[in-house]
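Inspection log for the structure reproduced underneath, given as structure tokens.
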Amino acid sequence: MSLFIPTYFSPIAQYSEILKSDNVIFEMEDNFQKQSYRNRCYIYNSNGKQLLNIPVKDKNRGSSERKKTKNMLVDNDVPWQEHHLKSLRTAYRNSPFYEFYEDDLNIIFEKKYNYLQDVNIDTYLFITDALQIKSNYSKTTEYMVDSNSNDFRELSNAKKTPSKLVETYIQMFDDKHGFLPNLSILDLLFMEGPNAISFL
């Protein structure tokens with residue numbers, strides 16, 4: 001069993017560990033942290049690394065309690081889905097596999113979400129389906145302080161560089177900006193398609 005935090009189109013390092021896990025446990029009782037992959041991912045566009053950020057609002061705003069990630073609401077007053085889809089199209093429409101996944105991807109950007117966690121679980125299901133990763137997942141009901149399982153929660157921290165990175169692969173704009181490691185799994189998926197699994 002392996003413990004993860006559900007993140008938005010998770011970085012490649014996270015999927016490298018998910019692939020090795022028969023049972024994925026998602027931590028649902030953690031406190032929300034800004035500048036984490038919980039509500040952001042990075043893609044590769046013609047200018048280099050691009051941040052895609054889901055705006056959130058907290059239903060307990062004003063209270064002194066720590067904000068649990070599971071209670072974070074998506075701020076749909078900002079047209080983030082339209083912006084993210086347009087950014088992905090612009091960056092990857094000429095990639096080898098974007099068209100292959102486009103219809104299924106559109107479903108996520110057309111669905112109306114209230115909670116951030118629901119977005120993240122849907123992106124996980126999209127990726128595991130696209131890569132045909134057969135791993136069961138469950139959710140915690142209380143915060144796991146000491147985990148007997150493999151604990152990969154730190155992979156949600158956008159400020160930390162993972163200790164293990166996957167090997168390089170061809171990226172859309174690497175001739176201009178060089179190889180960018182540990183982008184969103186979407187970068188690897190659109191470039192390598194089903195073969196992405198061999199890089200993980």
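The values are calculated or read from the model by the stated rules, or taken from the named source; none is laboratory data. These numbers come from a predicted model, not from an experiment. Neighbour counts run over all protein chains shown; Cβ positions are idealised from the backbone, glycine included. Each accessible area value is taken on the protein alone, full model and side chains, heavy atoms only, with ligands, DNA and RNA left out. Shrake-Rupley method; radii C 1.70, N 1.55, O 1.52, S 1.80 Å.
Here the convex hull built on the C-alpha positions of the chain has a volume of 121 cubic angstrom per residue. Note on Lys159 and Met144: the model spin-label points, each 7 Å out from Cα along the C-beta direction, lie 2.5 nm apart. Charging the Cβ of each Asp and Glu at -1 and of each Lys and Arg at +1, and nothing else, the dipole of the chain about its Cα centre rounds to 660 debye.
Listed by chain and number, the lysines whose alpha-carbon sits under 23 Å from that of Lys159, ignoring those within fewer than 8 places in the same chain, are Lys34, Lys49, Lys57, Lys67, Lys68, Lys70. Derived scalar couplings between HN and Hα for segment 34-50 equal 6, 6, 10, 6, 4, 10, 8, 8, 10, 10, 10, 10, 5, 9, x, 6, 10 Hz in order, rounded to whole Hz, by the Karplus curve 6.51 cos²θ - 1.76 cosθ + 1.60 (θ = phi - 60°), x for Gly and Pro. Projecting label points 7 angstrom from Cα along Cα→Cβ for Asp22 and Asp174 puts them 3.4 nm apart. Note on the chain: with a GNM built from Cα contacts shorter than 10 Å, the maximum mean-square fluctuation among Asn39, Asn47, Asn182 falls on Asn47.
Springs between alpha-carbon pairs under 10 angstrom, Gaussian network model over the chain: which of Asp118, Asp146, Asp104 fluctuates most? The residue with the greatest mean-square fluctuation here is Asp146.
Estimate the FRET efficiency between Leu73 and Glu102 by the formula 1/(1 + (r/R0)^6), using the beta-carbon distance for r and 41 Å for R0, to the nearest 0.05. Display every interim value, and only then the final one.
Working: r = 28 Å, r/R0 = 0.68.
Calculated transfer efficiency: 0.90.
If I fit a long axis through the Cα atoms of helix 98-110 and take the longest principal axis of the Cα atoms of the chain, what angle between them do I get, 0 to 90°, rounded to 10? Taking the Cα atoms of the chain, the angle to 98-110 is about 30 degrees. For segment 119-200, the set of GluC sites (Glu not before Pro) satisfying both a DSSP loop assignment and a count of at most 13 other C-beta atoms within 10 Å is given as Glu142, Glu167. What is the percent carbon and sulfur in the accessible area of the chain, measuring with a 1.4 Å probe over the protein chains and ignoring ligands? Result for the chain: 45 percent of the exposed heavy-atom area is carbon or sulfur. Distance between the 7 Å Cα→Cβ label points at Glu167 and Lys134: 2.5 nm.
In the context of the full set of protein chains, residues of the chain present 52 Å² of accessible surface per residue (probe radius 1.4 Å, heavy atoms only).
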